[in-house]
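The values are calculated or read from the model by the stated rules, or taken from the named source; none is laboratory data. Computed from a prediction, not measured in an experiment: that's the story for all the values here. With ideal geometry, Cβ positions are generated from the backbone for all residues, glycine too; neighbour counts draw on all protein chains shown.
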């Protein structure tokens with residue numbers, strides 16, 4: 001099982017690594033003791049959403065806090081992001097948009113590397129606009145595209161454009177889709193458009209500025225549909241590219257709040273929105289429970305015999 005990998009020769013020479021936006025440091029915290037058992041990293045936009053998910057996953061995996069302790073925001077003193085640990089699950093808010101996502105991912109990947117956490121799986125649990133996908137349905141990203149419909153995360157580094165490929169894990173997606181078949185809501189896969197803006201960048205006609213027509217917008221939306229785009233959000237290229245660079249498996253699971261072929265504004269009631277936003281959480285919780293069950297299963301005698309264990313035991317008894 002692999003560690004989360006950094007690619008920075010200067011890190012090893014640092015006496016202290018301050019994870020400023022998480023409120024942690026290698027000199028003030030035993031990161032291996034605190035986070036070495038992390039197997040799943042679940043990220044979402046808001047602190048409240050991730051606190052709710054932390055409470056939800058605690059019940060789902062039957063995690064019991066030690067006597068005298070309570071669920072706490074580990075990064076509360078940073079006043080930037082919220083982070084909760086529930087056994088092998090790390091729940092972190094990432095804010096809105098690629099810049100906020102990039103900052104927290106740099107520090108979370110370093111955190112897991114310092115902690116020597118093995119083979120962590122990353123999930124982004126979010127909301128999105130659908131492209132001919134009805135509100136309430138869940139979209140699992142097959143490929144994250146930038147605003148030019150390229151499967152890359154583009155950044156400007158030292159004045160130069162740097163492109164990095166976006167990549168999700170097909171096995172994780174396959175497992176999520178199979179679990180989705182058992183849910184009481186519809187789950188689909190498709191390409192995801194990641195934009196740098198909520199209004200003009202997503203072709204909305206209800207922003208403060210709009211220099212295109214409704215016909216232009218609909219032509220663009222239909223083009224997205226034709227090339228297999230199922231949803232639009234604002235973090236997936238950064239998320240999938242950076243987790244891929246860290247050699248970590250990842251998946252993006254978002255619930256649709258509005259079908260962009262039908263309108264721009266989100267009109268669902270607060271109660272309906274809460275129920276919809278819980279759906280990606282339910283799907284990822286089912287995956288986590290499935291994986292933890294697989295890891296704790298004891299092999300049967302037939303399985304032991306097949307792999308040599310039972311046969312060796314019998315030979316020992318005969319000698």
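Some points to look at:
One line per residue, one yes/no per condition, for (1) under 20 Å from residue 266 (Cβ atoms); (2) more than 20 Å from the chain's Cα centre (by Cα):
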{"site": "163", "(1), (2)": "no, yes"}
{"site": "180", "(1), (2)": "no, no"}
{"site": "195", "(1), (2)": "yes, no"}
{"site": "198", "(1), (2)": "yes, no"}
{"site": "201", "(1), (2)": "yes, yes"}
{"site": "206", "(1), (2)": "yes, yes"}
{"site": "216", "(1), (2)": "no, yes"}
{"site": "227", "(1), (2)": "no, yes"}
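- Scanning the stretch 29-60 for residues that are crowded, with 17+ Cβ neighbours inside 10 Å, more than 16 Å from the chain's Cα centre (by Cα) and assigned to a loop (DSSP other than H, G, I, E, B) yields one hit, 29.
- Extreme residue, nearest to residue 197 (Cα to Cα), among residues of the stretch 92-106 that are in a loop (DSSP other than H, G, I, E, B) and out of contact with any helix residue (DSSP H, G or I) (no Cβ under 8 Å at 6 or more places or on another chain): 97
- Listing of strands (runs of 3 or more DSSP E) fully contained in the stretch 140-252 that carry 1 or more residues being in contact with a strand residue (DSSP E or B) (Cβ under 6 Å, 6 or more places away or on another chain), surrounded by fewer than 16 Cβ atoms within 10 Å (Cβ to Cβ) and without any contact (Cβ under 8 Å) to a residue 12 or more places away in the chain: 160-165
- Any hit, the stretch 101-121, residues being buried (at least 16 other Cβ atoms within 10 Å of the Cβ), touching a residue at least 60 places away in the same chain (Cβ under 8 Å) and over 18 Å from the mean Cα position of the chain (by Cα): yes
- Exactly one residue out of 294, 266 is at pLDDT below 95 and in a loop (DSSP other than H, G, I, E, B): that is 266.
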